[in-house]
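Colleague: Below is one structure. I have some questions about it.
The values are calculated or read from the model by the stated rules, or taken from the named source; none is laboratory data. What you see is a predicted model, and the numbers here were worked out from it, not measured in a lab. FYI the Cβ positions are ideal-geometry reconstructions off the backbone, even for glycines, and counts take in every protein chain you see.
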Amino acid sequence: MLSVGVADGTRLSVYRDAPVRPRPGGATVVLVHGASVTAELWRVHARHLTALGLTVVRYDQRAHGHTPRGQAPLTIRQLSDDLHQILTRVVPAGPLVLAGHSLGALVLQELAARRPQLLPRIQGMVLLSATARGASLHPGSGPYAPLLAAARSLLALTCTHAPTGVDRVRRLLPDTHRYTLTPHPGTGPNDGPPRCRHGVRHTPTADLAALWQCLRGYQSGDVTALEQLGERLLLMAGADDRHTPAAHTAQLADRLPAARLEILARTTHALPVRHPALISDRIAHLAAGSHPHPLHPQD
């Protein structure tokens with residue numbers, strides 16, 4: 001476990017998984033988790049990749065896990081600056097393979113757009129549940145979609161306009177509930193990131209609302225930087241994703257004709273959890289300098 005300081009004084013919790021037998025000249029794999037979870041999302045992937053001789057760097061994003069909220073605005077831009085500081089301090093040289101899920105994918109898109117000097121180092125990038133526009137309240141089609149959209153809208157409205165009241169309710173939830181609110185732990189040593197279900201248990205509702213607003217308002221700008229990655233860019237989505245519909249990922253792919261797109265059948269937003277071996281394989285191929293092959297329809 002490492003601690004990386006950034007401009008506003010926040011200490012980012014970073015975890016480096018080193019292989020027993022490093023691959024000579026191998027790329028470093030950097031994994032970026034999404035909202036409401038922690039770097040533990042990538043635990044199985046890290047095990048697969050280190051077994052292949054690759055070094056893996058993962059971290060708890062600001063306001064998640066062991067990383068505090070800090071004083072800076074909670075925006076995609078700030079989260080991309082956080083990642084840039086991690087790369088500068090922890091992986092200052094050598095080839096990179098970057099992978100991000102949901103919010104993590106947006107952070108990578110922002111990083112590529114704002115830090116084009118990194119592109120020569122990026123040997124590959126995998127964007128999971130990516131979108132060219134902000135998060136949607138509408139969970140696709142289906143008989144219950146309007147009801148679910150209304151429930152999401154009501155929850156978002158309540159968290160935005162009555163965060164103190166929501167915090168009081170969260171403090172009453174059992175310790176096992178993923179959205180319970182508990183005091184932030186001390187900064188003593190630990191063996192790794194908190195469990196995913198503890199990702200935001202130390203994050204006040206006002207900060208969660210700010211994070212949601214930045215997700216809702218996100219609009220992908222110039223994709224020139226991503227275009228430069230060509231076939232080194234892979235987009236993956238779940239066909240049954242109700243948070244980032246696969247159609248949104250396909251729209252982003254339409255703007256990046258050289259990129260690869262894989263839509264996995266019978267897969268929800270929990271894409272990294274459902275297919276860790278497959279995603280690890282795609283990352284490993286990019287790290288080896290080869291390109292992953294798209295899935296056949298029957299897969």
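Colleague: Looking at (1) under 26 Å from residue 263 (Cβ atoms); (2) of a type outside the set (Gly, Ala, Ser); (3) touching a Phe, Trp or Tyr at 6+ places or on another chain (Cβ under 7 Å), which one does residue 48 not meet, given that it meets all the others?
Modeller: Failing condition for residue 48: (3).
Colleague: Now, a different point. Examine segment 2-10 for a residue that is touching a residue at least 60 places away in the same chain (Cβ under 8 Å), among the hydroxyl-bearing types (Ser, Thr, Tyr) and touching a His at 6+ places or on another chain (Cβ under 6 Å), and state whether such a residue exists.
Modeller: no
Colleague: When the residues of segment 222-258 are filtered to those that are in a loop (DSSP other than H, G, I, E, B), in contact (Cβ under 8 Å) with a residue 40 or more places away in the chain and more than 19 Å from the chain's Cα centre (by Cα), which remaining residue is nearest to residue 116 (Cα to Cα)?
Modeller: Here the residue is 222.
Residue by residue, here is whether (1) in contact with a Leu (Cβ under 9 Å, 6 or more places away or on another chain); (2) closer than 18 Å to residue 273 by Cα holds:
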residue	(1), (2)
32	yes, yes
35	yes, yes
54	no, no
59	yes, yes
87	yes, no
91	no, no
95	no, no
105	yes, yes
112	yes, no
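Colleague: Give me the pairs: first residue in segment 161-175 and closer than 11 Å to residue 205 by Cβ, second residue of a type in the set (S, T, N, Q) and assigned to a helix (DSSP H, G or I), beta-carbon distance under 6 Å, and six or more apart or on different chains, which are they?
Modeller: 163/205; 166/205; 167/205
Colleague: Kindly provide the set of residues from segment 100-138 that are at pLDDT below 95 and β-branched (Val, Ile, Thr), ordered by number.
Modeller: The one that is at pLDDT below 95 and β-branched (Val, Ile, Thr): 131.
Colleague: Out of all the residues in segment 259-270, which are assigned to a loop (DSSP other than H, G, I, E, B) and either within 16 Å of residue 110 (Cα to Cα) or over 18 Å from the mean Cα position of the chain (by Cα) (or both)?
Modeller: Within segment 259-270, 259, 265, 266 qualify.
Colleague: Further question: Among the residues in segment 91-107, are any under 30 Å from residue 180 (Cβ atoms), in contact (Cβ under 8 Å) with a residue 60 or more places away in the chain, crowded, with 20+ Cβ neighbours inside 10 Å and polar (S, T, N, Q)?
Modeller: Yes, that holds for at least one residue.
Colleague: Looking at the structure I just gave you, is residue 230 surrounded by fewer than 19 Cβ atoms within 10 Å (Cβ to Cβ) and of a type outside the set (S, T, N, Q)?
Modeller: Values: surrounded by fewer than 19 Cβ atoms within 10 Å (Cβ to Cβ): yes; of a type outside the set (S, T, N, Q): yes.
So residue 230 passes the test.
Colleague: Let me ask something else about it. Hey, residue 88 hits all of (1) under 16 Å from the mean Cα position of the chain (by Cα); (2) surrounded by fewer than 20 Cβ atoms within 10 Å (Cβ to Cβ); (3) among the β-branched types (Val, Ile, Thr) but one; which does it fall short on?
Modeller: (1)
Colleague: Separate question: Which of (1) within 13 Å of the chain's Cα centre (by Cα); (2) modelled with pLDDT of 95 or more; (3) of a type in the set (Gly, Ala, Ser) is the odd one out, the single condition residue 36 does not satisfy?
Modeller: (2)
Colleague: Let me ask something else about it. For segment 197-221, which positions are part of a loop (DSSP other than H, G, I, E, B) and closer than 17 Å to residue 130 by Cα?
Modeller: 217, 218, 220, 221
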